[in-house]
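Asker: Have a look at this one.
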Amino acid sequence: MLQLTDALPVDETTIHRNAELAIRYQPAKWDALIAAAAMLAGCDTRYSEELRNGQVSADQLSVANPFVTA
């Protein structure tokens, strides 16, 4: 399974993006760090049951709740 993913380090750029997101959106600490890492990795969707379905962070990362039915 790991062959299908890229593991990226949490570096200074990730921490700076984390701080920007934390200030702007005020999420839980780990949520901001996950969002920052996802954005820097080029992801456009984050799957979460805890965040608001359809929420978009920094015009880049949208939240999709896999348990919401249309």
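The values are calculated or read from the model by the stated rules, or taken from the named source; none is laboratory data. Everything quoted here is computed from the prediction, not taken from an experiment. Please note: Cβ atoms are built from the backbone with ideal geometry, for glycine as well, and neighbour counts cover all protein chains shown. SASA here: full protein model, heavy atoms, side chains in, ligands and nucleic acids out. Shrake-Rupley method; radii C 1.70, N 1.55, O 1.52, S 1.80 Å.
Asker: Under 5 Å between amide H atoms, partner at least 5 residues away or on a different chain: which partners does Ala58 have, H built in plane at 1.01 Å?
Answerer: So Ala58 has HN proximity to no qualifying residue.
Asker: Please give the net charge around Arg52, taking every other residue with its beta carbon less than 12 angstrom from that of Arg52, where Lys and Arg add +1 and Asp and Glu add -1.
Answerer: Details: positive: Arg46; negative: Asp31, Glu49, Glu50.
So the environment of Arg52 carries a net charge of -2.
Asker: Hey, quick one: spin label on Val56, modelled 7 Å out along Cα-Cβ, who in the range 16-39 has an amide N within reach, i.e. under 16 Å?
Answerer: Taking a point 7 Å out along Cα→Cβ of Val56, the residues of the range 16-39 whose backbone N falls under 16 Å are 39.
Asker: Oh, and also: Below 8 Å between Cα atoms, with a sequence gap of 6+, how large is the relative contact order for the chain in percent?
Answerer: Reported relative contact order: 23 percent.
Asker: Then there is this: Please calculate how many Å² of accessible area the chain carries per residue, with a 1.4 Å probe and no DNA, RNA or ligand atoms counted.
Answerer: 78
Asker: At a 1.4 Å probe, what is the % contribution of carbon and sulfur to the accessible area of the chain?
Answerer: Values: 3010 of 5480 Å².
Of the solvent-accessible surface of the chain, carbon and sulfur hold 55 percent.
Asker: Here's another thing I want to ask about it. Amide H of Arg46: which non-local residues (sequence gap of 5 or more, or other chain) have their own amide H closer than 5 Å, using H built in the peptide plane?
Answerer: Ser62, Val63, Ala64
Asker: Okay, next question. Given the -39500 (n - 2.57) contribution per DSSP H run of 4+ residues, what per-residue ellipticity at 222 nm results for the chain, rounded to the nearest 500 deg cm²/dmol?
Answerer: -12000 deg cm²/dmol
Asker: Next question, about the same structure. Going by the alpha-carbon gyration tensor, a ≥ b ≥ c the square roots of its eigenvalues, is the chain rounded (a/c under 1.5) or, if a/c is not under 1.5, prolate (a/b greater than b/c) versus oblate?
Answerer: Because a/c hits 1.5 or more and a/b fails to exceed b/c, the chain counts as oblate.
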